């Protein structure tokens, strides 16, 4: 869902339509809007699962303070999706616990 | 002055050293009051990286005592009854990023080899990568010591505090020692708290860490422990790629990296500096390149209590009967030894451990002065 | 109030864990942080710090003026290590 006309903020800004790859599935987004906004608009509310109890987390403070909305973006875990602008082709993965790090050496590397 | 408490031993300082001493004394039947000028677990003990070992500690007798202490840890954990995140099965790596460092560590190793206790060796890069996948492909080698390890200091601290409470140690917070009551023969009779009241006791243990110099001065003893500031950076957590503790850099159970190390002589100032964070992160990235992608979430500092000869103070002060000192870098490694030695001295009047070299009065002898 | 109420969202620390720390005799936000890990997460206590102050006032029977906030540590927001490493300080030049 999106708020197209807001009683105080007025009309939603328009922008280029882009595609984000979220857990392997493409969703539509507007370039430059926060990743979390695009995810909410696409109907997705759970952004990650916690490390200790494996509980689902979504948007909480929505202004970059609480880090509840972190996801793995282009292979980088712990990215605050509420303040990170969406760009075309971004690969976004829901994060479980610490997440999986790109380029991380494996325990039994040659 | 009003006497507010009476006890057998007052332990001054609620760090890992003070709590270990208080725990062993209480365990061996002594009535103990532990005082801290702030609160137990608020000083150097909770601002360090928790390495336990003897690598490159000189003279060799200091390395030997450190390893002895490391070997006492599992037994102590058993007595304390709770896990402290002890890692002693993986050894300890000191990485060599340059040929010079490799040469330096090799020659330090030669010196250590004069001791029968030492089991360290130099390691080729391939072997290092096998036990530590996260380490840079650019290293020249490493020094490896199978007897060293580490623990989680915050756990150790609170497990000790809880154990002290369980064995009946009374703990007073916001209780700064401001003086001593001494008897005719200079014997300890009590400890003055906050210029306000007296704790009457025949024994006082100065375990005040970097603040021990002040507490020694109150009975006319000069020990010259000075603050050497270290800073630590904590990164966001990542999956475990460095399960073996290293010097200046370790990854803890929760996945965070602890990045050190600097030595700064700036008095008791505990602020942190961007110069230090730049230097420490540069070195850390050279050692473990993936660290470049991790974010730093916290920077803090702590004060080591260093002495001019590099070894701590441990023992009774012969001139002031009933006064004991157990202080100085490194408290985490030596906490079990401090606990055993001081409780031996107070309960049995003697100890089996070789502590002559750690005599707190050695500084006065070297100065050739008696205050 | 519910015991499993989340106080620190990052490290998943509950109200009952904070109360256990207070029962142990801890009386500052910094001590409670070190014991429970509340405030050790990515956000560095931005949400839980004030809640812990509030619990201290009520559970430890402290005056609001006696309860100091926890120490704020740099950096305020997580900063990639590579950014810190590339910083050239005046002292280095």
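Assorted remarks:
- Checking each residue in segment B:30-60 for being in a loop (DSSP other than H, G, I, E, B) and either crowded, with 24+ Cβ neighbours inside 10 Å or touching a strand residue (DSSP E or B) at 6+ places or on another chain (Cβ under 6 Å) (or both) picks out B:30, B:36, B:40, B:41, B:43, B:47, B:48, B:49, B:50, B:53, B:54, B:55.
- If you go through segment C:5-14 and keep only what is closer than 24 Å to residue C:76 by Cβ and either facing another protein chain (nearest Cβ under 8 Å) or free of Cβ contacts under 8 Å to residues at least 40 places away in the same chain (or both), you end up with C:6, C:9, C:10, C:11, C:12, C:13.
- Of the listed requirements (1) out of contact with any strand residue (DSSP E or B) (no Cβ under 9 Å at 6 or more places or on another chain); (2) within 14 Å of chain A (Cβ to nearest Cβ), residue B:134 misses just one: (1).
- Here is the figure for segment B:271-291: residues that are surrounded by fewer than 21 Cβ atoms within 10 Å (Cβ to Cβ), more than 7 Å from every other protein chain (Cβ to nearest Cβ) and either closer than 19 Å to residue A:77 by Cα or over 23 Å from the mean Cα position of the chain (by Cα) (or both) total 5.
- Qualifying residue in segment C:15-27 (condition: within 14 Å of chain A (Cβ to nearest Cβ) and touching a residue at least 24 places away in the same chain (Cβ under 8 Å)): no
- Listed by position, the strands (runs of 3 or more DSSP E) enclosed by segment B:187-227 that each have at least 2 residues that are closer than 14 Å to residue B:37 by Cβ and assigned by TED's automatic domain parsing to the domain that holds residue B:31 are B:188-193.
- Criterion applied to B:157, B:171, B:122 was being part of a strand (DSSP E or B) and within 14 Å of another protein chain (Cβ to nearest Cβ), and the one residue passing it is B:171.
- All conditions in (1) touching a strand residue (DSSP E or B) at 6+ places or on another chain (Cβ under 7 Å); (2) outside any loop (DSSP other than H, G, I, E, B); (3) in contact (Cβ under 8 Å) with a residue 12 or more places away in the chain; (4) away from every other protein chain (no Cβ under 14 Å) hold for residue A:40, with the sole exception of (1).
- Evaluation of residue B:294 against (1) crowded, with 21+ Cβ neighbours inside 10 Å; (2) modelled with pLDDT of 95 or more; (3) within 14 Å of another protein chain (Cβ to nearest Cβ) (one fails), failing number: (2)
- Flag for residue B:237 being buried (at least 21 other Cβ atoms within 10 Å of the Cβ) and under 24 Å from residue B:15 (Cβ atoms): no
- Take the conditions (1) within 12 Å of chain C (Cβ to nearest Cβ); (2) surrounded by fewer than 21 Cβ atoms within 10 Å (Cβ to Cβ); (3) within 20 Å of the chain's Cα centre (by Cα); residue B:268 misses just one of them, which is (1).
- Filter result (within 18 Å of residue C:73 (Cβ to Cβ) and assigned to a loop (DSSP other than H, G, I, E, B)) within segment B:232-265: B:236, B:237, B:252, B:254, B:256, B:260, B:261, B:262
- Of the strands (runs of 3 or more DSSP E) entirely within segment A:52-97, those holding at least 1 residues that are within 11 Å of chain C (Cβ to nearest Cβ) and in contact with a strand residue (DSSP E or B) (Cβ under 9 Å, 6 or more places away or on another chain) occupy A:70-73, A:76-80.
- Test for residue B:303: is it more than 14 Å from every other protein chain (Cβ to nearest Cβ), closer than 30 Å to residue C:74 by Cα and in contact with a helix residue (DSSP H, G or I) (Cβ under 6 Å, 6 or more places away or on another chain): yes
- When residue B:142 is tested against (1) surrounded by fewer than 22 Cβ atoms within 10 Å (Cβ to Cβ); (2) touching a residue at least 12 places away in the same chain (Cβ under 8 Å); (3) not in a helix (DSSP H, G or I), only condition (1) is not met.
- Flag for residue C:84 being crowded, with 19+ Cβ neighbours inside 10 Å and assigned to a loop (DSSP other than H, G, I, E, B): no
- Criterion (modelled with pLDDT of 95 or more, away from chain A (no Cβ under 14 Å) and loosely packed, with under 15 Cβ neighbours inside 10 Å) met by exactly one of B:115, B:94, B:66, B:106: B:106
- Segment C:55-68 - residue that is modelled with pLDDT of 90 or more and loosely packed, with under 14 Cβ neighbours inside 10 Å and, of those, nearest to the other protein chains (Cβ to nearest Cβ): C:66
The values are calculated or read from the model by the stated rules, or taken from the named source; none is laboratory data. Just so you know, these numbers come straight off a predicted model, no measurement behind them. Please note: Cβ atoms are built from the backbone with ideal geometry, for glycine as well, and neighbour counts cover all protein chains shown.
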